[in-house]
1. Return the residue satisfying two criteria in turn: it lies in the range 1-50 and is farther than 17 Å from residue 71 by Cα and β-branched (Val, Ile, Thr), and of such residues it is modelled with the lowest pLDDT.
2. Filtering the range 85-102 down to residues that are surrounded by 14 or more Cβ atoms within 10 Å (Cβ to Cβ) and acidic (Asp, Glu), which residue is modelled with the lowest pLDDT?
3. Counting just the residues of the range 32-64 that are among the charged types (D, E, K, R) and in contact with a helix residue (DSSP H, G or I) (Cβ under 8 Å, 6 or more places away or on another chain), which one comes out surrounded by the fewest Cβ atoms within 10 Å (Cβ to Cβ)?
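The values are calculated or read from the model by the stated rules, or taken from the named source; none is laboratory data. Since this is a predicted model, take the numbers as computed values, not measurements. Glycine gets a Cβ as well: all are built from the backbone with ideal geometry, and neighbour counts include every protein chain shown.
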Amino acid sequence: MLALSYQQAGQVQKALAFALTAHEAAPEKVDAALLSAELLLGLGAFKEAAKLLAPFLQINNARVLFTYGMALTGQNLDGGKYLDEAKKLDPQGYDQQAGKVRDIAGFLKAQGDADE
């Protein structure tokens, strides 16, 4: 998927455009929806990310549940149920995803401190 190449190159806006195009072309495909949602989370578009993933909650995919839980949490809603379920389904994947979130949060905090 071309969106992944742009994501890895740090071109988030282009990655999102291609991911959303892929999702619109095949709305039943979880991979395009998940990538789009993850990119939206990175941009702070929590409501939009949750909306993309809601149709996939019934498949019990740990990454979908984790990302959906983070999207809810980002909206100051309770995403704990989804995060707990993601951890049960894939403890190792959960730890990796949570580590990424901690790294991003630390980076953003450092950026904010540097701006002051």
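1. Applying the filter and picking the extreme gives 12.
2. Result: 90.
3. Applying the filter and picking the extreme gives 47.
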